[in-house]
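K.L.:
The structure's right below; bear with me while I get my questions together.
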Amino acid sequence: MRVAEYIVKRLLDKGVKDAFGIPGGVILRLMYTMQEQEDFSIHLNYHEQMAGFAACGYAWATNGLGVAYATRGPGISNMFTCIAEAYQESLPVIFFTAHGFRKHKNMRSQNIQELNIAEAVTGITKYAANVDNLEEVVSSLEMAFSCATEGRKGPVLLDFSSSLFNMEIDVENISKNNKLTAMEQSEEAIENIKSALSKSKRPIILIGDGLRSSTTNADISGLADKIKIPILSSRASKDLINTSDYYFGYVGSHGIRYSNFILSKADLIIVVGNQLSFPKESQSFKPILDNVKIIRLDIDSEAFNRKIEGAQDFNVDTGVLIKNINKENIKSYEHVEWLNICNELKNKLYNCDVTEPVLKLESFIKKIGNNKTFVCDVGNHEFWFCRAYEKVKVKGKVYHSKAFGTLGTALGRAIGVYYATKQEVICIIGDQGLQYNIQELQYIVQWKLPIKIVLVNNKASRMIADHEREIFGDRLVHVDADSEYSVPDFAKIATAYGIKYTQDEDIAVDDKNKQILYEIICDTSISLTPSLPKGNACQDMYPLLDREEYNYCDKL
């Protein structure tokens, strides 16, 4: 068996059936071997970066490995941002590349297009290695699999000597037992949770996206139904439980107003897979941390390096923990009064901060129905979408670039999600993000992928414009038509690519499995609300509530 054949065989063993990339000299033997396998498909994106992001989308949707490949030098360096995205978002993606003969390790340039990419990405991968000898092939590949998928998941990179791909490898006595030791479940964590719940009058569970890869929506809903206390989330993890009666929205500086009120009133916060990434010294959140009991549960022990005084930290597999709690004979603690307060806050503030873009996106979501997969780009439109999603309570997964915030990547990620699910994907993107990688429209059309593109067009980079205005007043630079930012006629763009264009939301229902660009035109002047002014209590968001109404809610 040749090395390239062995690599593809092991990928198939791991459940991988697709890889994304662009041809290049040193990677051709691996690419051709992938193509020759009946159960394996390779996909040609129109930029290496989009191939990398497609692999990220594939990993997110399958909760398994994604694979991307690129040639040496500028090919693989074009994937640098994708690798960083996978690292920040905890996505298990294997990036393959190859190199020619390297005689002098420390010489800056030996051959055209050469770059020691493994060394360059050590800070944004769980494992990166140059594979130069036949004896290193198996151990390096198995280590890559283990590092990518065990514990807190993340990307790995293997840079092969291109001559290895065609060499024969003896696989008769290869051991596959290279998995990392699984973390044991902590019974102590469960006992502490039970004890804390028995004493608390206003407990909440605060979940984060760290739960996504370790458990199911049904397990999380089962937890809510079992212990019957309010659950809040980060914005990116809202889709894990948003249809539960015990779910009360997502928190944050651009969170939902009633959610932040509920957070401010808790006396116990059970934090599951959430990094509590707000500044712990901020006047908005510090009073909460100082006056509430916190139990933190995370599979990544490094998360606890961010010390929170008084917090009880448990390094556990959160998915296993939830399953074990659901199996335990834990009584439902009565928190009827607390739940009534949460529901009153939600009902009273339900329609706050619902602007025109939110209403338009809400209407769109209602029409397309449940069980869709949404891929969001970065910008104000993703916050507007999240608010609409929370209002509709639709069932469907949502994929964000949440931790790294990579603008212009949604098309690539949507392509990967489609190949993972073979189902329709809704891509929510802004006018600026679409222009970053507009070439991937050709891929979507060429392969007739059922990806609907919802373009939220306010003809501005409004989020940055608001930041500029805070610092420089009315002197704006490169954010709107008056400061050298512009957008094309997207109807003509759609026509050029052969994509159906509409501003009619009914088209989403009528044209299943077709490629559509649905443009939502929004007023350029609409800012992102709500927001949290520096120094305000986390629940005192802008635009400010009438003080009488605020004081009533604050005293509940």
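The values are calculated or read from the model by the stated rules, or taken from the named source; none is laboratory data. Note that the structure is a prediction, hence the values are computed from the model and not measured. Every residue, glycine among them, receives a Cβ derived from its backbone with ideal geometry; neighbour counts consider all protein chains shown.
K.L.:
Kindly indicate the residue of the range 369-398 that is among the charged types (D, E, K, R) and part of a loop (DSSP other than H, G, I, E, B) and also nearest to ALA59 (Cα to Cα) among those meeting that condition.
P.N.:
Restricting to residues being among the charged types (D, E, K, R) and part of a loop (DSSP other than H, G, I, E, B), the top hit is ASP377.
K.L.:
Also, I was wondering about something else. Based on what the data block shows, is ILE299 modelled with pLDDT of 90 or more and of a type in the set (A, V, I, L, M)?
P.N.:
Spelling it out, it is not the case that ILE299 is modelled with pLDDT of 90 or more and of a type in the set (A, V, I, L, M).
K.L.:
Hey, can you tell me all the residues within the range 21-70 that are part of a loop (DSSP other than H, G, I, E, B) and either among the aliphatic types (A, V, I, L, M) or within 15 Å of VAL93 (Cβ to Cβ) (or both)?
P.N.:
Matches in the range 21-70: ILE22, ASN45, ASN63, GLY64, LEU65, ALA70.
K.L.:
Based on this model, can you work out whether ILE288 counts as among the hydrophobic types (A, V, I, L, M, F, W, C), modelled with pLDDT of 90 or more and either farther than 30 Å from CYS352 by Cβ or in a helix (DSSP H, G or I) (or both)?
P.N.:
no
Rundown of residues vs (1) out of contact with any helix residue (DSSP H, G or I) (no Cβ under 7 Å at 6 or more places or on another chain); (2) free of Cβ contacts under 8 Å to residues at least 24 places away in the same chain; (3) in a strand (DSSP E or B); (4) not hydroxyl-bearing (Ser, Thr, Tyr), yes/no style:
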| position | (1), (2), (3), (4) |
| --- | --- |
| ILE190 | no, no, no, yes |
| SER195 | yes, yes, no, no |
| ALA218 | yes, yes, no, yes |
| SER221 | yes, yes, no, no |
| LYS226 | no, no, no, yes |
| PHE248 | no, no, yes, yes |
| GLY252 | no, no, no, yes |
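K.L.:
Still on this structure: Any idea how many residues of the range 399-417 are of a type outside the set (A, V, I, L, M, F, W, C), in contact with a helix residue (DSSP H, G or I) (Cβ under 8 Å, 6 or more places away or on another chain) and either without any contact (Cβ under 8 Å) to a residue 40 or more places away in the chain or part of a helix (DSSP H, G or I) (or both)?
P.N.:
Counting residues in the range 399-417 that are of a type outside the set (A, V, I, L, M, F, W, C), in contact with a helix residue (DSSP H, G or I) (Cβ under 8 Å, 6 or more places away or on another chain) and either without any contact (Cβ under 8 Å) to a residue 40 or more places away in the chain or part of a helix (DSSP H, G or I) (or both) gives 4.
K.L.:
If I filter the range 280-299 for residues that are within 28 Å of THR215 (Cα to Cα), within 21 Å of the chain's Cα centre (by Cα), assigned by TED's automatic domain parsing to the domain that holds THR216 and exposed (fewer than 14 other Cβ atoms within 10 Å of the Cβ), do I get at least one hit?
P.N.:
Looking for residues that are within 28 Å of THR215 (Cα to Cα), within 21 Å of the chain's Cα centre (by Cα), assigned by TED's automatic domain parsing to the domain that holds THR216 and exposed (fewer than 14 other Cβ atoms within 10 Å of the Cβ), one finds none in the range 280-299, hence no.
K.L.:
Within the range 499-519, does at least one residue satisfy the condition of being at pLDDT below 95, in contact with a helix residue (DSSP H, G or I) (Cβ under 6 Å, 6 or more places away or on another chain), among the polar types (S, T, N, Q) and under 22 Å from GLY369 (Cα atoms)?
P.N.:
Yes, some residue in the range 499-519 is at pLDDT below 95, in contact with a helix residue (DSSP H, G or I) (Cβ under 6 Å, 6 or more places away or on another chain), among the polar types (S, T, N, Q) and under 22 Å from GLY369 (Cα atoms).
K.L.:
Looking at LEU544 and the list (1) assigned to a loop (DSSP other than H, G, I, E, B); (2) surrounded by 13 or more Cβ atoms within 10 Å (Cβ to Cβ); (3) modelled with pLDDT of 95 or more, which single condition is not satisfied?
P.N.:
The single condition LEU544 does not satisfy is (2).
K.L.:
Can you pull out the residues in the range 342-359 that are touching a residue at least 60 places away in the same chain (Cβ under 8 Å), in a helix (DSSP H, G or I) and either touching an Asp or Glu at 6+ places or on another chain (Cβ under 8 Å) or surrounded by fewer than 18 Cβ atoms within 10 Å (Cβ to Cβ) (or both)?
P.N.:
Within the range 342-359, GLU344, LYS348, GLU356 qualify.
K.L.:
Being closer than 26 Å to ASN217 by Cβ, part of a strand (DSSP E or B) and modelled with pLDDT of 90 or more narrows it down to one residue among ILE262, ILE270; which is it? Steps first, answer last, please.
P.N.:
Numbers: ILE262 fails: part of a strand (DSSP E or B).
Exactly one of ILE262, ILE270 is closer than 26 Å to ASN217 by Cβ, part of a strand (DSSP E or B) and modelled with pLDDT of 90 or more, namely ILE270.
K.L.:
Right, something else. Considering only residues that are surrounded by fewer than 24 Cβ atoms within 10 Å (Cβ to Cβ) and under 21 Å from MET50 (Cβ atoms), look in the range 97-116 and name the one that is modelled with the lowest pLDDT. Don't jump to the end; show me each part of the working.
P.N.:
So in the range 97-116, the residues surrounded by fewer than 24 Cβ atoms within 10 Å (Cβ to Cβ) come out as 100-116.
So of that shortlist, the ones also under 21 Å from MET50 (Cβ atoms) come out as 113, 115.
Details: GLN113: 64, LEU115: 86.
It comes out as GLN113.
K.L.:
Could you tell me whether CYS386 is closer than 20 Å to LEU528 by Cβ, touching a Lys or Arg at 6+ places or on another chain (Cβ under 7 Å) and not assigned by TED's automatic domain parsing to the domain that holds SER253?
P.N.:
Against the criterion (closer than 20 Å to LEU528 by Cβ, touching a Lys or Arg at 6+ places or on another chain (Cβ under 7 Å) and not assigned by TED's automatic domain parsing to the domain that holds SER253), CYS386 qualifies.
K.L.:
While we're looking at this one, here's another question. Among (1) farther than 30 Å from THR216 by Cβ; (2) in contact with a strand residue (DSSP E or B) (Cβ under 6 Å, 6 or more places away or on another chain); (3) touching a residue at least 60 places away in the same chain (Cβ under 8 Å), which single condition is ILE42 missing?
P.N.:
All conditions are met except number (3).
K.L.:
Next question, about the same structure. If I filter the range 330-343 for residues that are within 28 Å of the chain's Cα centre (by Cα) and β-branched (Val, Ile, Thr), do I get at least one hit?
P.N.:
no
K.L.:
Output the number of residues of the range 432-442 satisfying the condition of being surrounded by fewer than 24 Cβ atoms within 10 Å (Cβ to Cβ) and touching a residue at least 40 places away in the same chain (Cβ under 8 Å).
P.N.:
So the count comes out to 6.
K.L.:
Out of all the residues in the range 289-321, which are among the basic types (Lys, Arg) and within 17 Å of ILE205 (Cα to Cα)?
P.N.:
LYS293, ARG296 - these are the residues of the range 289-321 that are among the basic types (Lys, Arg) and within 17 Å of ILE205 (Cα to Cα).
K.L.:
Do we have any residue at all in the range 320-336 that's touching a helix residue (DSSP H, G or I) at 6+ places or on another chain (Cβ under 9 Å) and in a strand (DSSP E or B)?
P.N.:
The answer is no; no qualifying residue exists.
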